[in-house]
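The values are calculated or read from the model by the stated rules, or taken from the named source; none is laboratory data. Bear in mind the structure is a predicted one, so any value in this text is a computation, not a measurement. Here the Cβ is made from the backbone with ideal geometry for all residues, glycine too, and neighbour counts use every protein chain on show. Surface areas here come from the heavy atoms of the whole protein model, side chains and all, with no ligands, DNA or RNA. Shrake-Rupley method; radii C 1.70, N 1.55, O 1.52, S 1.80 Å.
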Amino acid sequence: MSSLQAPRGTFDVLPADAGRRTALEEHARRILGAAGYGRIETPTFEATDLFARGVGEATDIVQKEMYTFDDGGGRSMTLRPEGTAPVCRAYLEHGMHKQPQPVKLWYLSSFFRAEAPQRGRYRQFWQVGAEAIGSAGPETDAELILLLADLLQAVGVRQSRLRLSSLGTAATRREYREELRSFLRAHEDGLSPEVISRIDLNPMRAFDAGDRRTQETMRDAPILLDRLAPEDAEHFAEVRRLLDDAGLVYELDPTLVRGLDYYARTVFEFTSDALGAQSGVGGGGRYDGLIEQLGGPATPGCGWAAGVERMLLAAGEQPAAAELVDLFVAIAPNGSHQTAFKLANDARRAGLRAQLELAGRGLKGQLKHADRLGARYVAIIDDQMRINLKDMEAGDQTEVEPAAVIPTILRGSRVA
Ligand code: AMP
């Protein structure tokens, strides 16, 4: 083995894995496309400032997980750690606020976070994401949640659970944060040092803490859901009614905190009990303040992202359909390579899945290889430029005029 390896926390997608990933992409395209979401692709790196402003200075992502570099011209760039801020940047840059609202976009892209790698957590990973920008209505939130539920079902994610909450508006959160800070300061004895160190910066993260003592203390903490302004409470109630009507099961979790700062009102997360410690499959919420934070007009938005690798892990092993081969072109000793090459090429142009012998095997080895590939027919080019067509299923072999090879296979008929 070479001493060169893929960087820690990254992986190669080999052909054996590609089938399931392609099928997942196809599900996303079908489900999101049918609901009017258009595909978007943004650059792999962006100005660091976009994420500092868009994701939030206090978040783990901005504080310690970004791959940031100088672009050679003194500008600070960052490999995208998430997709919402770039999509909102593109929305503003291309004047999409002038289009009929909401603008619905989806993506399947790779993202980069300098996290400690483990099963289901990588430094480069892929997400499917969907964003609906320009609509504040609760139907948008409910639609997005249902679309993600549909995607998880189509992909075959097992034992999935949906947790749902509302964070209210920025103003409610500010007031609530003060109340929570007072509570945390009054209960420092029962909190981990890490939580104490974050009381000023991000007190909500105390609900996320892993240690038992903090968790017990937080049971008596004030809950944001109880502090929502009436219009936010009504918005949330309507989201829930729509999900109830659609028959989607969820758990209310008033301690649900998303890792990113920009959320307001609805937040949600799908987890899978089929996964280990990294159980989050996908999540998102409403980010009504984000576009303004990026320098645009006040614009509501809502969206989610789901990890491709996590979805596939949670779906378990499912055999991907093998790629079949219609025609394998074999070359007998002293057979014409030129004729073989032309036949394989013509067959592909005619829409057949065709492969040519490329490794210099003997004829016996070629037939074995064709069998391994699952080829329906093998055309053997002999030293007289004749073509013998072998039906691999029936075992028959007959000489066929060169011009008749492709039509014979297209008809799918047995060689007479
Ligand atoms: P987030 O953007 O943090 O809300 O993450 C959304 C989803 O992306 C998660 O539920 C995971 O499925 C996936 N995800 C996030 N971070 C990683 C990572 N480091 N490795 C693999 N998947 C991830």
Go through segment 287-315 and report how many residues are more than 9 Å from the ligand (Cβ to nearest atom), part of a strand (DSSP E or B) and within 14 Å of the chain's Cα centre (by Cα). 1
Considering each of VAL239, VAL195 in turn, give the residue that is more than 16 Å from the ligand (Cβ to nearest atom), assigned to a helix (DSSP H, G or I), β-branched (Val, Ile, Thr) and touching a residue at least 40 places away in the same chain (Cβ under 8 Å). VAL239
I'd like to verify a number: residues in segment 271-286 that are away from the ligand (no atom under 12 Å from the Cβ) and not in a loop (DSSP other than H, G, I, E, B), how many? 1
If you check every pair at least six apart or on different chains, which have Cβ atoms under 6 Å apart with a residue in segment 341-366 that is free of Cβ contacts under 8 Å to residues at least 40 places away in the same chain first and a residue that is aliphatic (A, V, I, L, M) and assigned to a loop (DSSP other than H, G, I, E, B) second? LEU363/ALA332
Could you tell me which residue of segment 343-361 is farthest from the chain's Cα centre (by Cα), considering only residues that are open to solvent by 30 Å² or more (accessible area, probe 1.4 Å) and under 13 Å from LEU327 (Cα atoms)? ASP346
Among the residues of segment 66-104 satisfying the criterion of being assigned to a strand (DSSP E or B) and within 16 Å of the ligand (Cβ to nearest atom), which is most open to solvent (accessible area, probe 1.4 Å)? LEU79
Go over the candidates LYS364, LYS368 one by one and state the one that is more than 12 Å from VAL329 (Cβ to Cβ), open to solvent by 50 Å² or more (accessible area, probe 1.4 Å) and over 40 Å from the mean Cα position of the chain (by Cα). LYS364
Hey, among the residues in segment 261-270 that are modelled with pLDDT under 95 and within 13 Å of the ligand (Cβ to nearest atom), which one's nearest to ALA85 (Cα to Cα)? TYR262
For segment 125-132, state whether one or more residues are surrounded by fewer than 19 Cβ atoms within 10 Å (Cβ to Cβ) and either of a type in the set (S, T, N, Q) or assigned to a loop (DSSP other than H, G, I, E, B) (or both). no
